[in-house]
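Okay, structure first, notes after.
The values are calculated or read from the model by the stated rules, or taken from the named source; none is laboratory data. Nothing here was measured: the structure is a model prediction, and the numbers come from that model. Here the Cβ positions follow ideal geometry from the backbone for every residue, glycine too, while neighbour counts run over all protein chains shown. Ligands, DNA and RNA are stripped out before the accessible areas are found, and what is left, the full protein with its side chains, is counted by its heavy atoms. Shrake-Rupley method; radii C 1.70, N 1.55, O 1.52, S 1.80 Å.
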Amino acid sequence: MSGHWLALDTATEFASVAVGVPPAAESVAVIAGARVHAAGLIELVDRCLAPLGLRPADLAGLVVGDGPGSFTGLRIGWAAAKGLAQERSMPVQVMSSLLAAAAGAAAVLGAVPVAVCFDALRGQVFGAVYVVHLNRVETLVPPAVCALAELAARAPVRPRAVVGDGALKYAVEVEAWSGAAPLPSSALRPTAASLLALCGRGGAGRLLDDIATAEPDYGRPAEAQARWEARHGRTLPDPSRTEG
């Protein structure tokens, strides 16, 4: 992966953008608040490119967080990525946003089991467990939406750390499981920087064949979609138009 790549992740309350020649991140920016992603994301991109003297046309490709996570945040992030990629015919690589958070912990702790929990509401988390090695990623529990207790039951080993806002929400259960207090994602490097760092590692991500038709892993339908389907007793004809 030569040239400068742009990475962006909007799966959680913290939207982040990074630019660099993978695996290095040379410029990083973060904005908090899921509802300001739409207004602030393009500004973040410009803020990352400007110090390097780059324009979007100078980019070699994109790396995008694939979720699971916020329906609204992911939809906005992917819309921006699709616009950039299609306008300039750039390659797009996608990776789990949960993996990006785990890689942030691995940068501090090394290649140890790390669980990631994003709050999924309804008493559940978007969770996964990984070991991030220097040249590959080992997925111990793939991304799923479940109760924290279910995630713990699926894990073949005890994690050294548990990361994410879901981990903070269920801090007592997390500490009983891992033996350590949860780590907030905000205490680690931004997930967009981790996306760049993961480039080239086996099992980390995949290149998209067709960005126009690709969709992120929302984890489950948006709240509005779930309510509509429960009320009408059938699948929503066009879920992409439902507000989350």
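General remarks:
- Some residue of segment 175-187 being modelled with pLDDT of 95 or more, within 20 Å of the chain's Cα centre (by Cα) and among the hydroxyl-bearing types (Ser, Thr, Tyr): no
- Residues in segment 222-244 that are modelled with pLDDT of 55 or more, open to solvent by 60 Å² or more (accessible area, probe 1.4 Å) and in a loop (DSSP other than H, G, I, E, B): Gly233, Arg234, Thr235, Pro237.
- Across segment 47-61, the number of residues qualifying as among the aliphatic types (A, V, I, L, M) and outside any helix (DSSP H, G or I) comes to 3.
- Taken over segment 172-219, residues that are among the basic types (Lys, Arg) and either in a helix (DSSP H, G or I) or open to solvent by less than 60 Å² (accessible area, probe 1.4 Å) (or both) amount to 1.
- Considered as a group, the residues in segment 1-59 that are in contact with a Gly (Cβ under 6 Å, 6 or more places away or on another chain) and modelled with pLDDT under 90 include one that is farthest from Thr72 (Cα to Cα), and that residue is Ile31.
- Flag if Val45 is in contact (Cβ under 8 Å) with a residue 24 or more places away in the chain, of a type in the set (Val, Ile, Thr) and within 22 Å of Cys117 (Cβ to Cβ): no
- Where a residue in segment 182-202 is small (Gly, Ala, Ser) and its partner, wherever it lies, is open to solvent by 40 Å² or more (accessible area, probe 1.4 Å) and assigned to a helix (DSSP H, G or I), with Cβ under 7 Å and at least six apart: Ser185/Asp165
- Test result for Val112, surrounded by 19 or more Cβ atoms within 10 Å (Cβ to Cβ) and hydrophobic (A, V, I, L, M, F, W, C): no
- Any chance Gly61 is small (Gly, Ala, Ser) and open to solvent by 10 Å² or more (accessible area, probe 1.4 Å): no
- Of all residues in segment 148-171 being in a loop (DSSP other than H, G, I, E, B) and open to solvent by less than 30 Å² (accessible area, probe 1.4 Å), the one that is farthest from Val129 (Cα to Cα): Gly164
- Residues within segment 81-108 that are open to solvent by less than 20 Å² (accessible area, probe 1.4 Å) and in a helix (DSSP H, G or I), tallied: 12
- Failed condition for Gly77, given (1) under 17 Å from the mean Cα position of the chain (by Cα); (2) more than 21 Å from Ala212 (Cα to Cα); (3) part of a helix (DSSP H, G or I): (2)
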